[in-house]
Amino acid sequence: MISMHQTYTLNNGVKLPKIGLGTWQVPNGEDTYNSVRAALKNGYRHIDTAAGYGNEESVGRAIKESCVPRKDIFVTSKLESHVKTYDETMNAFEETMNALGFEYLDLYLIHAPWPWSEMGKNCDEGNVEAFKAMEKLYNDGRIRSIGVSNFSISDIKNILTHCDVTPAVNQIGYFIGLDNDELQAFCEDKGIQIVGYSPLAIGYALSNDTIQAMAKKYDVTPAQICIRYDLQKGVVPLPKSTHESRIIENSQVDFTIKEEDIEVLSNIKGDPRQFD
Ligand code: A2P
């Protein structure tokens, strides 16, 4: 499980474990609690949640009730997508901290450049306000690193132009068929780490013929091919599962996909969520 214990160093020196547990769509309560407990028991040290997932309370409780010290776990949460003012961001952060029951957060992201209900709307001013509030929380030591999620190149340029802190992370959907080389190259050039949610395309990638054939070739599972692909692309995958056996499987990715096979996987075009 070498990859689990490896880290990237973010642009402010903070270490980010290379694989995290995702919790999107996992209901608050026993599902989230058990999934986080299982992940921590099996070596995960990076947990991703969001106010919008509604499960911060269970994430926080699972972490507190585990025997892993808080300081050894990297926790990300996100500002709800409709919050685009300075004061509301400050309030939303306190709500997140109350729900998690933490003294500090490792990474706080603007969840999206626009409210989910108004995708594509120009919220440049609001994003700057929200990010400035996050900068204040960062400078006050409440958050160890700050960043963005689902941001395009122009959304990031807006932050770079009007704010002082370069985002440490851009978290985007990233899986075989949906890599985004241009955005990734831009982020890498600015020192912004790409974190990828839904590395299994919420499960749909697992039935793809090419991915299945690749799994046979390497004697691993399709899920492991998908997760390893992200790692070899320099992306931090956030696989999620409510089953301990799969949580373990998703962490056992200590093998190497040959460059020529990465190329084959890269050539799968289109969103794997459409495959079945
Ligand atoms: P489950 O929670 O029942 O294990 P993604 O991380 O891309 O969002 O994908 C998550 C989906 O993939 C969930 O439906 C999860 O279901 C399923 N899943 C996660 N890990 C595996 C695995 N190793 N094998 C098969 N399905 C998996």
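Every number here is computed from the coordinates shown, using simple stated rules; none is lab data. Remember, it's a predicted structure, so these values are computed and weren't measured experimentally. Glycine gets a Cβ as well: all are built from the backbone with ideal geometry, and neighbour counts include every protein chain shown.
Worth a mention:
- The listed peptides 236-243, 218-225, ordered by packing as a protection proxy, come out as 236-243, 218-225 (highest mean of other Cβ atoms within 10 Å first).
- Normalising the Debye intensity of region 131-218 to I(0), with uniform scatterers on Cα atoms only, and taking log10 at q = 0.17 Å⁻¹ returns -0.76.
- For HIS46, nonlocal amide neighbours, meaning residues 5 or more places apart or on other chains whose placed amide H falls under 5 Å from its own, are LEU21, PHE74.
- Our summary of shape: the Cα atoms of region 73-225 have principal axis extents of 52, 34, 30 Å, ordered from largest down, in whole angstrom.
- Computed [θ] at 222 nm, helices only, for the chain once each DSSP H run of length n ≥ 4 contributes -39500 (n - 2.57): -12000 deg cm²/dmol
- Amide H contacts under 5 Å for GLN171: VAL148, SER149, ASN150, PHE151, VAL195, restricted to partners 5 or more places along the chain or on a different chain, H placed in the peptide plane at 1.01 Å from N.
- Share of alpha-carbon pairs per 5 Å distance bin for region 1-122, given as whole %: 2, 11, 21, 22, 20, 14, 7, 3, 1
- Positive-end residue of ASN139, GLY43, TYR218, charge dipole of the chain with Cβ unit charges: GLY43
- Neighbour-limited loop hits for chymotrypsin sites (Phe, Trp or Tyr not before Pro), region 112-164 (at most 15 other Cβ within 10 Å; DSSP other than H, G, I, E, B): none
- Each principal axis of the Cα cloud of the chain was evaluated for its coordinate range; sorted largest first, these ranges are 53, 41, 34 Å.
- Cα Rg, Dmax (largest Cα-Cα span) when computed across region 122-175, Å: 11.1, 35
- Across all C-alpha atoms in region 182-276, the radius of gyration and Dmax reach 13.2, 38 Å.
- The loop-placed GluC sites (Glu not before Pro) in region 88-197, going by DSSP, that have at most 11 neighbouring Cβ atoms within 10 Å of their Cβ come out as GLU103.
- Region 150-276: relative contact order as a whole-number percent, Cα under 8 Å and 6+ apart: 30
- Its residue count N fixes a reference of 2.2 N^0.38 Å for region 213-258, and the Cα radius of gyration divided by that reference is 1.09.
- Close amide H contacts of ARG144 (hydrogens built in the peptide plane, cut-off under 5 Å, sequence separation of 5 or more or a different chain): LEU105, ASP106, LEU107.
- Hz values of 3J(HN,Hα) by residue in region 26-41 - Karplus curve (6.51, -1.76, 1.60), Gly and Pro given as x: 8, x, 4, x, 4, 4, 5, 4, 5, 5, 5, 4, 5, 5, 5, 4
- Put a dot 7 Å past the Cα of ASP181, heading toward its Cβ, do the same for ASP124, and the two dots end up 2.9 nm apart.
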